[in-house]
1. Can you give me the number of residues within the stretch 295-308 that are closer than 17 Å to residue 351 by Cβ and in a helix (DSSP H, G or I)?
2. In this structure, does residue 267 turn out to be of a type in the set (Ser, Thr, Tyr) and either surrounded by 17 or more Cβ atoms within 10 Å (Cβ to Cβ) or touching a residue at least 24 places away in the same chain (Cβ under 8 Å) (or both)?
3. Please pick out the residue among 324, 267, 306 that is among the small types (Gly, Ala, Ser) and closer than 30 Å to residue 34 by Cβ.
4. I need every pair where a residue in the stretch 372-387 that is more than 18 Å from residue 223 (Cα to Cα) and open to solvent by 100 Å² or more (accessible area, probe 1.4 Å) has its Cβ under 9 Å from the Cβ of a residue that is part of a loop (DSSP other than H, G, I, E, B) and of a type in the set (A, V, I, L, M), sequence separation at least 6 or different chains.
5. For the stretch 310-331, give me the residue count where each residue is open to solvent by 80 Å² or more (accessible area, probe 1.4 Å), in a helix (DSSP H, G or I) and at pLDDT 90 or above.
6. List, please: which pairs have Cβ atoms under 9 Å, are six or more places apart or on different chains, and start with a residue in the stretch 77-102 that is touching a residue at least 60 places away in the same chain (Cβ under 8 Å) and assigned to a loop (DSSP other than H, G, I, E, B) and end with one that is surrounded by 10 or more Cβ atoms within 10 Å (Cβ to Cβ) and polar (S, T, N, Q)?
7. Scan the stretch 179-216 for residues that are assigned to a loop (DSSP other than H, G, I, E, B) and exposed (fewer than 14 other Cβ atoms within 10 Å of the Cβ) and jot them down.
Amino acid sequence: MFHVLAGAGTLAQHMKQLTGKTITDGALSQRRTQLPWEVFQKLLEAALKPKADRRQHPVAFYHGLRLCGLDGSRFSVANTQQIKAQMSKANSRRFKAAFAKVGVAVLVELGIHNPMAAAIGPREESEMVLAEQLLGHLPDQSLLVGDRYYGVAKLLINFRKAHPRGQKEFLVRVRSNLQSRVLEVLPDGSALVEIRCGKEKLLVREIKGQVQRGSGKASALRLWTSLLDARLHPARELLALYGQRWEQECFYRELKVDMRSSPLVQSHTPLTAAQEIAALIMAYAILVEERIKVATLQEVPVLRISFLKTLEAVRGLWRFLEVSEGILTADQVRKVVRRTMRQIAEMAIPKRRQRSCPRALRQPISSWPRLLKNSYQNGAVQCNVSPITT
């Protein structure tokens with residue numbers, strides 16, 4: 001974790017900075033390959049916990065339910081002999097992909113971008129296999145928000161069997177071609193429907209609607225949720241709430257782009273690559289702690305505190321405290337830390353403008369439209385319910 005947060009330098013150099021012991025990179029690599037993956041799974045379970053507070057972070061809750069996002073991603077690993085011997089490459093449009101991938105699924109606390117649990121696949125496990133390992137880590141009184149990958153009857157039925165109604169709920173987007181049987185149309189335009197997987201069935205609430213910003217193009221949404229009471233949870237409110245799922249993508253951008261100096265995982269085997277990803281996620285959780293402290297100091301939402309500026313400030317602070325060890329008194333160290341926190345707070349991000357960019361590419365390689373001129377849609381997001389009929 002120190003190696004990830006310290007920035008430039010080898011693992012051996014950072015080991016010496018942290019412990020004062022000289023161990024070569026080769027010796028460290030040999031030691032890492034001898035560590036079983038279960039050790040890192042236990043470290044992840046111990047390090048990753050919910051952090052949002054209902055009073056301090058109301059944006060991370062909906063009617064007392066903690067907002068939790070679940071999604072997967074993949075990390076590219078270098079083409080070493082061990083990687084090529086143990087992992088396969090996916091097919092691309094023309095040839096094999098340039099690099100093999102290590103999959104990861106992360107359960108994220110929406111509103112503060114805090115990783116609460118993570119599953120990593122050094123043996124090329126699928127995203128669904130990794131995600132199912134995380135469902136048991138959902139805290140009580142939580143609402144799981146997921147994209148269309150998780151909007152399938154089998155997963156939702158298994159979710160409800162494992163978690164009784166009232167403790168853990170879900171709100172997922174669903175593909176338009178999935179079948180459901182309408183049982184009752186509700187006054188807000190949503191409907192109680194029955195979904196099936198084989199002989200098993202589940203009662204859910206279906207919501208259809210459109211989301212649009214300003215005069216831009218409207219996007220159709222179809223949602224399934226276990227929140228059945230239309231009076232307590234209006235359809236328009238849930239359509240707007242689903243938009244917070246996009247924070248999961250922002251989390252992965254910060255994790256994979258802002259925290260790393262290389263597009264590739266630097267480890268040479270699938271096991272050590274998974275170890276490196278685990279350290280990256282735990283280091284991210286440390287930065288979440290610092291963002292929460294700074295946001296409390298400034299009395300602003302956590303996401304108004306820049307992740308990249310927090311990362312740079314923490315790296316600079318650690319370097320300074322490392323070289324000044326034994327020179328500064330404990331009271332002076334506390335003053336330096338407080339001053340650093342205040343500097344981060346003073347650089348809080350202004351409120352985000354209400355605008356969106358066109359979904360297009362300058363050089364499209366698929367069915368996406370070609371972008372010839374930049375344009376923006378300004379204004380608040382409008383959510384309109386499309387009434388469901390029997």
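The values are calculated or read from the model by the stated rules, or taken from the named source; none is laboratory data. Everything numeric in this text was worked out from a predicted model, so none of it was measured. Neighbour counts are summed over all protein chains in view; Cβ atoms, including those assigned to glycine, are modelled from backbone coordinates with ideal geometry. Ligands, DNA and RNA are excluded from the accessible area calculation, which covers all protein heavy atoms including side chains. Shrake-Rupley method; radii C 1.70, N 1.55, O 1.52, S 1.80 Å.
1. Qualifying residue count, the stretch 295-308: 6.
2. The answer is yes for residue 267.
3. The match here is 267.
4. From residues that are more than 18 Å from residue 223 (Cα to Cα) and open to solvent by 100 Å² or more (accessible area, probe 1.4 Å), the pairs are 372/360.
5. 2
6. As it stands, the answer is 78/266; 78/267; 80/267; 80/269; 99/76; 99/79, since those pairs meet every condition given.
7. 179, 187, 198, 199, 215
Here is a yes/no grid of residues against (1) more than 30 Å from residue 123 (Cα to Cα); (2) modelled with pLDDT under 90; (3) crowded, with 20+ Cβ neighbours inside 10 Å:
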residue	(1), (2), (3)
227	yes, no, yes
236	yes, no, no
276	no, no, yes
307	yes, no, yes
